[in-house]
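Written out below as structure tokens is the structure these notes cover.
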Amino acid sequence: MHQAGQKVIPAISTMKEFEKFLEGKETYGILMNFHISLVCDVIKRAHEKQKKLLLHLDLIKGLSSDESGCEYACQYLQVDGIISTKGKVIETARRNHRIAILRLFLIDSKSLEKGLALCQAVHPDYMEVLPGIACSIIPYIKEHVECPIMCGGLIKTPQQVETCLEAGAFAVTATGLHIQI
């Protein structure tokens with residue numbers, strides 16, 4: 001994914017944002033807050049335009065955010081990748097040869113250390129660190145994990161995107177398509 005050179009990955013929560021994504025230049029997008037009844041059609045339409053969708057499994061309505069839900073998303077929905085905070089889901093995505101992104105919420109030092117240990121145990125393809133505005137911790141995280149890191153959450157300006165990239169993130173996830181780099 002990071003070989004594509006896409007610096008901002010849109011987090012898509014509405015059909016309006018999805019339509020903009022289909023017409024935009026970005027290859028990758030994150031699908032979240034959608035109802036399961038829409039997801040199959042949305043993924044099919046994205047694939048018809050040579051777009052790739054990463055499904056935030058923890059934030060899809062009507063789909064279980066466990067291993068069974070991940071199997072369904074990979075095998076039936078044909079999603080390109082999975083984002084989750086759960087280690088078993090990341091392992092399931094990897095077994096299904098999908099992009100596996102472990103999402104880490106930085107709340108305090110304990111959550112950081114627990115997330116680093118989980119990352120070392122499940123070997124995701126990527127780690128997404130939230131909130132992105134806490135990107136000064138990226139160099140420390142990079143010392144402890146072997147996967148590329150992206151940032152997300154509370155990113156609102158191109159300057160914040162640049163700060164994340166300069167700190168060592170390969171990309172930033174952002175709601176909507178309002179940030180272009």
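The values are calculated or read from the model by the stated rules, or taken from the named source; none is laboratory data. None of these values were measured; they are calculated from a predicted model. FYI the Cβ positions are ideal-geometry reconstructions off the backbone, even for glycines, and counts take in every protein chain you see.
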Is it the case that the stretch 105-128 has a residue that's among the acidic types (D, E), within 27 Å of F21 (Cα to Cα) and free of Cβ contacts under 8 Å to residues at least 12 places away in the same chain?
-> no
Test R94 against the criterion of being crowded, with 19+ Cβ neighbours inside 10 Å and either free of Cβ contacts under 8 Å to residues at least 40 places away in the same chain or of a type outside the set (A, V, I, L, M) (or both), and give yes or no.
-> no
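Provide a single number: the residues in the stretch 59-72 that are touching a strand residue (DSSP E or B) at 6+ places or on another chain (Cβ under 7 Å) and either surrounded by fewer than 17 Cβ atoms within 10 Å (Cβ to Cβ) or without any contact (Cβ under 8 Å) to a residue 24 or more places away in the chain (or both). Steps first, answer last, please.
Taking the stretch 59-72 first, the residues touching a strand residue (DSSP E or B) at 6+ places or on another chain (Cβ under 7 Å) are 61-62, 65, 70.
If we keep only those that are either surrounded by fewer than 17 Cβ atoms within 10 Å (Cβ to Cβ) or without any contact (Cβ under 8 Å) to a residue 24 or more places away in the chain (or both) too, we end up with 61-62.
Total meeting the criteria: 2.
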Would you be able to tell me the number of residues in the stretch 23-41 that are basic (K, R) and part of a helix (DSSP H, G or I)?
-> 0
Please identify the pairs in which a residue from the stretch 77-89 that is assigned to a loop (DSSP other than H, G, I, E, B) has its Cβ atom under 7 Å from the Cβ atom of a residue that is among the polar types (S, T, N, Q), counting only partners at least 6 apart or on another chain.
-> K86/S65
Residue tally, condition under 22 Å from F170 (Cβ atoms) and either at pLDDT below 95 or not hydrophobic (A, V, I, L, M, F, W, C) (or both), over the stretch 88-104 | 4
Any residue in the stretch 147-155 that is modelled with pLDDT under 95 and either surrounded by fewer than 22 Cβ atoms within 10 Å (Cβ to Cβ) or part of a helix (DSSP H, G or I) (or both)?
-> yes
Test A171 against the criterion of being modelled with pLDDT of 95 or more and touching a strand residue (DSSP E or B) at 6+ places or on another chain (Cβ under 8 Å), and give yes or no.
-> yes
Taking the stretch 3-41 only, how many residues are under 24 Å from G69 (Cα atoms), surrounded by 14 or more Cβ atoms within 10 Å (Cβ to Cβ) and among the hydroxyl-bearing types (S, T, Y)?
-> 2
Lone qualifier among A121, A100, A169 - being part of a helix (DSSP H, G or I) and not β-branched (V, I, T) = A121
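In this structure, does K44 turn out to be surrounded by fewer than 15 Cβ atoms within 10 Å (Cβ to Cβ) and either modelled with pLDDT under 95 or on the phi > 0 side of the Ramachandran plot (or both)? Walk me through it before giving the result.
Numbers: surrounded by fewer than 15 Cβ atoms within 10 Å (Cβ to Cβ): yes; either modelled with pLDDT under 95 or on the phi > 0 side of the Ramachandran plot (or both): no.
So K44 does not fit the description; no.
Look at E128 and say whether it is exposed (fewer than 13 other Cβ atoms within 10 Å of the Cβ), modelled with pLDDT of 95 or more and acidic (D, E). Let's see the steps before the verdict.
Working: exposed (fewer than 13 other Cβ atoms within 10 Å of the Cβ): no; modelled with pLDDT of 95 or more: yes; acidic (D, E): yes.
Considered against the rule, which asks whether it is exposed (fewer than 13 other Cβ atoms within 10 Å of the Cβ), modelled with pLDDT of 95 or more and acidic (D, E), E128 comes out as no.
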